[in-house]
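The next block holds one structure in the form of structure tokens; read it before the comments.
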Amino acid sequence: MFTIKLLYFGDVHIRGTNPRNRKDSYPEALKAKLREIFALAKYKSVTALICAGDIFDRPEVTNGVLLEFAEVFKESPVPIYTTAGNHDIYSYNLDTYNRTSLRILELIVPQLNVINDPNENIFLIDDKDSQNAVSLSFMPYNHEIDKDGYGYSPGNPYKGFKIHTAHGMLLDHDPKVFDRYTYVGSVKTKADLVLCGHDHVGFGRYDRADGKTFLNCGAICRLSASESEIERTVEVALIKVENNTLKDIELIPLQSAKAGDEVLDRSKIEAEQKRAYAMEEFSTLIKGSGGEQALVDVNAIVEAIAEKEGYKPEVVKIALDKIAEARDELKV
């Protein structure tokens, strides 16, 4: 029986500083997660690790950060295959790859393989039957990825199972707020399994009626304090292929990933929401006043409300400036 096991993980976004709203040490949290992933790879006896890109949060990090994480990546017990995400390259331009931190990481970490050529295949071949293999192909981020980034399937001389990995906005729903995405139901592909990153929340596993499977288990990082980031489980996926058939996908939560509310602080976001609400209320008060008479003591009203609600002086100043603007509009 020909069996291949692969461990798939989402965006990493290596950086040396804490993102806004993180309460813990983001770099140390990433190192702990990567080390857990490597331990899982060894424990589960996987053949390789796959990441869908965005290893780095920006194309270039300091040498200190680069070297720290290089030492961590060297701990991987198996090869790591990935491709360039939009954060890994300058201005979304793949031509800049050779001067990025990801390229340097690839050069100094023997286990790391960055595949940016969609015509290149990695074959994990059955030693007993050379006609069987699990083939891996990759599509780096580009402006056209949501047109043709998921259906690509290069020529394959083997009968085996085909896995295509792409860094793009592949979704199982219509996000309503933007249109640069690809719906899993519309993808035409010869790949048996399509892996993707980019969207940090992920949609888990999606099985189509035609037998095609799509997977995004979400990023291992948490960069924002959005409610979806706080609530989601940080997990990786163990993929098992037997005799050219997808046998199983097991989603494994990372034990090193703390609960969202332990590492993410929403107080600043909520304060901004309150300020925005206050501005809206003040604006409504002024626009609905109907004339100068209601504006006579409006400054005093604002200051009284601000004192009662505990708004900071700078918020009061913004409100009073808005009131002054509204007063001027009424005079026009």
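Looking at (1) under 25 Å from K162 (Cβ atoms); (2) outside any helix (DSSP H, G or I), can you tell me which one H87 breaks?
Failed condition: (1).
Of all residues in the range 1-28, how many are under 27 Å from Y150 (Cα atoms) and open to solvent by less than 30 Å² (accessible area, probe 1.4 Å)?
Pass one, the range 1-28, residues under 27 Å from Y150 (Cα atoms): 2-14.
Checking the rest, the ones that are also open to solvent by less than 30 Å² (accessible area, probe 1.4 Å) come to 2, 4, 6-14.
Qualifying residue count, the range 1-28: 11.
Any residue at all in the range 58-81 that is touching a Gly at 6+ places or on another chain (Cβ under 9 Å), modelled with pLDDT of 95 or more, under 22 Å from N216 (Cα atoms) and not aliphatic (A, V, I, L, M)?
The answer is no, given that none of the residues of the range 58-81 is touching a Gly at 6+ places or on another chain (Cβ under 9 Å), modelled with pLDDT of 95 or more, under 22 Å from N216 (Cα atoms) and not aliphatic (A, V, I, L, M).
Checking the condition more than 22 Å from I122 (Cβ to Cβ) and touching a Phe, Trp or Tyr at 6+ places or on another chain (Cβ under 8 Å), which residue from Y81, Y43, Y92 passes? So that I can check it myself, show each step before the final result.
Values: Y81 fails: more than 22 Å from I122 (Cβ to Cβ); Y43 fails: touching a Phe, Trp or Tyr at 6+ places or on another chain (Cβ under 8 Å).
Exactly one residue qualifies, and that residue is Y92.
Quick check on the range 24-44. Is at least one of its residues out of contact with any Ser or Thr (no Cβ under 8 Å at 6 or more places or on another chain) and acidic (D, E)?
yes
Tell me, yes or no, whether the range 54-64 has at least one residue that is hydrophobic (A, V, I, L, M, F, W, C), touching a Phe, Trp or Tyr at 6+ places or on another chain (Cβ under 8 Å), part of a strand (DSSP E or B) and open to solvent by less than 10 Å² (accessible area, probe 1.4 Å).
To start, the set of residues in the range 54-64 that are hydrophobic (A, V, I, L, M, F, W, C) comprises 55-56, 61.
With touching a Phe, Trp or Tyr at 6+ places or on another chain (Cβ under 8 Å) added as a condition, the list becomes none.
No, the range 54-64 has no match at all.
Please go through the range 77-95 and give me each residue that is at negative phi, of a type outside the set (D, E) and open to solvent by 10 Å² or more (accessible area, probe 1.4 Å), ordered by number.
The first filter runs over the range 77-95 and keeps only residues at negative phi, leaving 77-90, 93-95.
Right, trim to of a type outside the set (D, E) and you get 77-87, 89-90, 93-94.
Those that are at negative phi, of a type outside the set (D, E) and open to solvent by 10 Å² or more (accessible area, probe 1.4 Å): P77, V78, P79, Y81, N86, H87, Y90, N93, L94.
Which condition from (1) open to solvent by 70 Å² or more (accessible area, probe 1.4 Å); (2) within 20 Å of K5 (Cα to Cα); (3) aromatic (F, W, Y) is the one that F138 breaks?
(1)
Scan the range 102-119 and tell me whether some residue there is in a loop (DSSP other than H, G, I, E, B), modelled with pLDDT under 95 and open to solvent by 80 Å² or more (accessible area, probe 1.4 Å).
Yes, the range 102-119 has at least one match.
Would you be able to say whether some residue in the range 65-75 is open to solvent by less than 20 Å² (accessible area, probe 1.4 Å) and part of a loop (DSSP other than H, G, I, E, B)?
There is no residue in the range 65-75 that is open to solvent by less than 20 Å² (accessible area, probe 1.4 Å) and part of a loop (DSSP other than H, G, I, E, B).
Considering only residues that are of a type in the set (S, T, Y) and on the phi < 0 side of the Ramachandran plot, look in the range 29-53 and name the one that is surrounded by the most Cβ atoms within 10 Å (Cβ to Cβ).
T47
Checking the conditions here, which among A237, A225 is farther than 26 Å from F38 by Cβ and among the aliphatic types (A, V, I, L, M)? Walk me through it before giving the result.
Numbers: A237 fails: farther than 26 Å from F38 by Cβ.
That would be A225, the only listed residue that is farther than 26 Å from F38 by Cβ and among the aliphatic types (A, V, I, L, M).
How many residues, within the range 19-53, are under 21 Å from H167 (Cβ atoms), in a strand (DSSP E or B) and either over 20 Å from the mean Cα position of the chain (by Cα) or modelled with pLDDT under 95 (or both)?
1
When residues of the range 190-211 are filtered for being over 19 Å from D11 (Cα atoms) and surrounded by 18 or more Cβ atoms within 10 Å (Cβ to Cβ), how many remain?
2
Among the candidates I89, I80, I122, single out the residue that is in contact with a Ser or Thr (Cβ under 6 Å, 6 or more places away or on another chain) and within 26 Å of M169 (Cβ to Cβ).
Working: I80 fails: in contact with a Ser or Thr (Cβ under 6 Å, 6 or more places away or on another chain); I122 fails: in contact with a Ser or Thr (Cβ under 6 Å, 6 or more places away or on another chain).
Selected residue: I89, the only one of I89, I80, I122 that is in contact with a Ser or Thr (Cβ under 6 Å, 6 or more places away or on another chain) and within 26 Å of M169 (Cβ to Cβ).
Anything in the range 156-192 that is among the aliphatic types (A, V, I, L, M) and in contact (Cβ under 8 Å) with a residue 24 or more places away in the chain? List them, or say none. Break it down into steps so the answer makes sense when it comes.
Within the range 156-192, the subset among the aliphatic types (A, V, I, L, M) is 163, 166, 169-171, 177, 184, 187, 191.
Residues satisfying the conditions are I163, A166, M169, L170, L171, V184, V187, A191.
The values are calculated or read from the model by the stated rules, or taken from the named source; none is laboratory data. Just so it is clear, the model here is predicted, and its values are computed rather than measured. In this analysis, Cβ positions are derived from the backbone assuming ideal geometry, glycine residues included, and neighbour counts consider all displayed protein chains. Side chains included, ligands, DNA and RNA excluded: accessible areas come from the protein's heavy atoms. Shrake-Rupley method; radii C 1.70, N 1.55, O 1.52, S 1.80 Å.
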